[in-house]
Amino acid sequence: MKMTNQSDNIAWIILSAVKDIKAGKHKLAEFLKGSKAKDVSHLSGRQGYGGLLWHDIETIMGFVEQLEQMGFVKRIRTAIDEYYSVLELTEAGEKALEEKIKIELQIIKKEKPINVGESEKTTLELFKEGKTIEEIAKIRNLAISTIYDHLYRLVANGYLSSAEFIPKNIIKKVIEAKIELKKDFKLKEIKEILPQEITYNEIKCVLADNSLEKMEETENGEEDNFWEEGYFAETMSSAEMNEKMRTFHMKHDEEMNYNCKKCNDKISAHNKDWHAGLCDDCFNKEVYAENG
């Protein structure tokens, strides 16, 4: 299967699971993660279990929340406990699943609070003056490891990029090692597969650097095209989301003001927004060829 349908598949996997099992958001995320928790493991034989194995629980819940906000799933109270809600498909969700309608989702990263205090800011000022890490440590009478800890916090909060003080070849090796592990990993695990001369301090700073995401995607081959083509949506405003949802229930022959990206036939506003800019024939060929 090509990467170009991955974001669609995420939405379809979640919608299928919502339809098949009655669960709240967190339990659903555990099911899709393939959790071994007691309240989920008995569902391991059901289709969709572990379907989003490579995403963490918070990310999966973020996907579910987006589908809820877009009106594809909704919460309902259970008969057993009126204070406990489970998810079910809306009419729009049923339609999206049945017709394999393209739904764009984004990975929402929740930043961990990493504080930047006055000491880190003093280090930043000296760094901006052109001082090396060793010089800053000497001037401030601090250990080099402490200065690296300051830099780590500065990088994590966007004050610096690790590329400003770590050689590009080291950054490349760290990113390649991260991609090789392909899952949640401990710092020790990534250190073990890197050349011995690359330090823990350097690894921490590279891993904290959100500005290197594009380089990581490039190293990951096909995934670079996946992001460039926009299959994970940019953050949408409420107005933009409302405009897109306006076309969801349209018929396939309404507002025929657009052209299919493949065959150039006229298409509707619905197909433009929800069928990847393709006419029905081209969309069905692409979806069912890659998912059959």
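The values are calculated or read from the model by the stated rules, or taken from the named source; none is laboratory data. What you are looking at is a predicted structure, and each value in this text was computed from that prediction instead of being measured. Reconstructed Cβ throughout: ideal geometry from the backbone, glycine too, with neighbour counts over all protein chains shown.
Quick rundown of the values:
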| read-out | value |
| --- | --- |
| Failed item in (1) in contact with a strand residue (DSSP E or B) (Cβ under 9 Å, 6 or more places away or on another chain); (2) modelled with pLDDT of 85 or more, with E104 passing the rest | (2) |
| Residues (touching a Phe, Trp or Tyr at 6+ places or on another chain (Cβ under 8 Å), closer than 21 Å to G71 by Cβ and of a type in the set (D, E, K, R)) located in the stretch 245-286 | K272, D273 |
| Helices (runs of 4 or more DSSP H) contained in the stretch 136-252 and holding at least 1 residues modelled with pLDDT under 60 | 213-219, 223-228, 238-246 |
| Failed condition for I136, given (1) under 21 Å from N210 (Cα atoms); (2) crowded, with 17+ Cβ neighbours inside 10 Å | (1) |
| Evaluation of A143 against (1) in contact (Cβ under 8 Å) with a residue 12 or more places away in the chain; (2) among the hydrophobic types (A, V, I, L, M, F, W, C); (3) surrounded by fewer than 12 Cβ atoms within 10 Å (Cβ to Cβ) (one fails), failing number | (1) |
| Members of the stretch 52-76 that are over 13 Å from A11 (Cβ atoms), in contact with a strand residue (DSSP E or B) (Cβ under 6 Å, 6 or more places away or on another chain) and at pLDDT 90 or above | none |
| Cβ pairs under 6 Å, 6+ apart, first in the stretch 256-276 and without any contact (Cβ under 8 Å) to a residue 40 or more places away in the chain and in a helix (DSSP H, G or I), second among the β-branched types (V, I, T) and surrounded by 14 or more Cβ atoms within 10 Å (Cβ to Cβ) | A269/T247; H270/T247; D273/T247 |
| Criterion violated by K131 - all others in (1) free of Cβ contacts under 8 Å to residues at least 24 places away in the same chain; (2) of a type in the set (K, R); (3) closer than 30 Å to N9 by Cα satisfied | (3) |
| Filter result (at pLDDT 85 or above and either more than 19 Å from L89 (Cβ to Cβ) or surrounded by 15 or more Cβ atoms within 10 Å (Cβ to Cβ) (or both)) within the stretch 1-23 | I10, A11, W12, I13, I14, L15, S16, A17, V18, K19, I21, A23 |
| Elements of type helices (runs of 4 or more DSSP H) in the stretch 10-101, at least 1 residues being within 30 Å of M250 (Cβ to Cβ) | 25-33, 57-69, 91-99 |
